[in-house]
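Asks: First the structure, which I've put down as structure tokens, then a few questions once you've had a look.
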Amino acid sequence: MHSHETRDTLKQYHLFSRLSDEQLDRVCHHAHIISLEEGKSLFCQGDEVVCFYLVLTGKIKLFRVSPDGNEKIVEFVDQGDSFAEALMFMDRPHYPVNATALTSCKIIGINSQDFKAMLRDSIDTCFLLMGSMSIRLRRLIQEIDTLSLSTGTVRIVTYLLENSPEGTDTFDLEIAKSVIASRLSVKPETFSRILKHLHELKILTINGRNVTIHDRNAMKGISSS
């Protein structure tokens, strides 16, 4: 992707919408395009922070690994979302998580220190960045409430409702059920048991990654319980 194409691409996203063409050119000069195949690593927990990232296509998994080797998924980052931008405001920052491609991805990496320096000349972008980080913080707090206060059934049903396309009750999951279970803090065997129970209640059917919702109202009732 050429520099002017990168500039036009960035300008479509909220975080970069208030930058002048000159500022965008500066960002592009210190940016690079990364293509990742499914399962490939972008960075590892503890690596020194050089860039923050914007997902152009695909989905990224952010996760930590405990000393005993267990993986805990922190967040899925979807197309159009940025991540790791808050780390530019830390002294000698290191990534607190690992980042791996859940699907084939195309990502723009943007030099954190140069972008931080440029923010001094773009107050509007400072406020956009603060707004973006505030939204993410509120979303993570909501997820903490959901994980700590909701049952596994509520978490699974809510996830499926949130990821079902408009206008159809049949769709394919983008990622493996085992990964979804980890993200929802549900053991794989519990995840399977809950899906079997929902099938027995004739609420939904899952065959591999294919989901068919039979009773959306019942799912909404479970999600709000």
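Read the figures in this text as sums done on the coordinates, not as results from a lab. On a predicted model such as this, the values are computed, not experimentally measured, just so you know. Methodologically, a virtual Cβ is constructed for each residue, glycine included, from the backbone with ideal geometry; neighbour enumeration extends over all protein chains shown.
Asks: Would you indicate which of [x] 19.3; [y] 18.6; [z] 18.0 is the value of Kirkwood radius over Cα pairs in Å derived from the coordinates of this structure?
Replies: [x]
Asks: Now a separate question. Below 12 angstrom from the Cβ of E75, what's the summed charge of the other residues (Lys, Arg +1; Asp, Glu -1)?
Replies: +4
Asks: Where the only charges are on Cβ atoms (+1 Lys, Arg; -1 Asp, Glu), what is the dipole of the chain about its Cα centre, to the nearest 20 debye?
Replies: Dipole magnitude for the chain comes out near 660 debye.
Asks: For R120 paired with R64, estimate the spin-label separation in nm (one decimal), with each label point 7 Å from Cα along the Cα-to-Cβ line.
Replies: If labels sit at R120 and R64, their model points lie 3.3 nm apart.
Asks: Please work out the C-alpha center-to-center distance from the range 149-200 to the range 7-26 and express it in whole Å.
Replies: What the calculation gives is 37 Å, centre to centre.
Asks: Still on this structure, I have one more. Work through the residues other than R193 whose Cβ is under 12 Å from its Cβ and net out their charges, Lys, Arg +1 and Asp, Glu -1.
Replies: Net charge in that neighbourhood comes out at 0.
Asks: Would you calculate the separation in nanometres between label points at I34 and D215, each defined as 7 Å from the Cα along the Cα-to-beta-carbon direction?
Replies: 4.5 nm
Asks: Quick query: amide H of F43 versus all other amide H atoms, modeled in the peptide plane; which residues come in under 5 Å with a sequence gap of 5 or more or a different chain?
Replies: Sorted by chain and number, the residues that satisfy this are A99.
Asks: Sort V186, V65, V157 by Cβ crowding within 10 Å, fewest neighbours at the top.
Replies: Ascending Cβ contact count within 10 Å gives the list V65, V186, V157.
Asks: Over all pairs of distinct alpha carbons, what does the Kirkwood formula give as the hydrodynamic radius of the range 3-136, in Å?
Replies: So the Kirkwood estimate lands at 15.3 Å.
Asks: When the helices in the chain are scored as -39500 (n - 2.57) per DSSP H run of 4 or longer and the sum is shared across all residues, what 222 nm value do you end up with, to the nearest 500 deg cm²/dmol?
Replies: After summing the helix terms and dividing by residue count, I get -12500 deg cm²/dmol.
Asks: On to the next question. From Cα pairs below 8 angstrom and at least 6 apart in sequence, can you work out the relative contact order of the chain, rounded to a whole percent?
Replies: It comes to 19 percent, rounded to a whole number.
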